[in-house]
1. In the Gaussian network model of the chain, springs joining C-alpha atoms below 10 Å, which of S77, S44, S112 carries the largest mean-square fluctuation?
2. To the nearest 10 Å², what's T129's accessible area with a 1.4 Å probe?
3. Would you work out which of I113, P144, A186 lies farthest towards the positive end of the dipole of the chain, given +1 charges on the beta-carbon of Lys and Arg and -1 on that of Asp and Glu, about the Cα centre?
4. What number, rounded to the nearest 500 deg cm²/dmol, is the helix-based mean residue ellipticity at 222 nm of the chain, given -39500 (n - 2.57) per DSSP H run of at least four residues and division by all its residues?
5. For the range 81-192, what is the convex hull (Cα atoms) projected area averaged across all directions, in square nanometres?
6. In the chain, carbon and sulfur make up what percent of the accessible area (probe 1.4 Å)?
7. So if each residue of separation counts as 0.36 nm, and I subtract the Cα-Cα distance between E93 and V143, what length gain in nm does that give?
8. Could you pull the accessible area for I2 with a 1.4 Å probe, rounded to 10 Å²?
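The values are calculated or read from the model by the stated rules, or taken from the named source; none is laboratory data. All values reported here derive from a predicted model rather than from experimental measurement. Note that we place each Cβ from the backbone using ideal geometry, even for glycine, and neighbour counts take in every protein chain shown. For accessibility, only protein heavy atoms count, side chains too; no ligands or nucleic acids. Shrake-Rupley method; radii C 1.70, N 1.55, O 1.52, S 1.80 Å.
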Amino acid sequence: MILGTFASPGTMALIGPAGPAFWRRFTASPEYADGQPDPLDRWSTRVLTAIAIRNGAVALFPFGGPPWHPFLDWALSTGRVFSSPVNLLVHAEHGLFVSFRAAMRFFEVRNSIPPARSPCPECHQPCRTACPVGALTSEGYNVPACKAHIRSPEGVACRSGCLVRRACPVGANLRLPDQSAFHMDAFVGGGS
């Protein structure tokens, strides 16, 4: 699913998961089942490179660096992704569950997705208080505290999905629990 576009020379489209349909396709893939490292990155590389080639584009990925592509800057350039009160990116329709599997660079100008408004100003912002260890604040992200909590017995609720992301009312039901658990396992170094 294209989550946003912006002019680069030509057009850059940011690609992210499309809800449960994406997860079903990925979990049916050979990459998911083969037991090798980084199955989602390998699946993304195979599938999205083929789509890019069929559409006359070049696929660029947020993994595989250095050098790293500036996905955060690109996302903010779309006019559909914004900084949230807890320093995570928030998408106008996907909320705090916004993520990118690739960017596709088209060398000609393509139709762009119109800008949107940030959902945060009208929101009661439950994201601010959802983290049990206060790891996400407007001052920054305490990654070691987050990972330590997730690994602890008290962090069992977080292992099935970041409570801050789940607290966002925008896109609240876009990720299945097993998809969130897969990502949390990879985040804390579980090997998925």
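1. The residue with the greatest mean-square fluctuation here is S112.
2. Probe radius 1.4 Å; accessible area of T129 about 120 Å².
3. I113
4. Numbers: 8 runs with 65 residues, N = 192.
Theoretical 222 nm ellipticity from helices: -9000 deg cm²/dmol.
5. Details: hull surface 33.5 nm².
Answer in nm², one decimal: 8.4.
6. Values: 5820 of 9900 Å².
Whole-percent figure for carbon plus sulfur exposure: 59.
7. On the way: separation 50, 0.36 × 50 = 18.00 nm, distance 2.58 nm.
In short, 15.4 nm is gained.
8. 90 Å²
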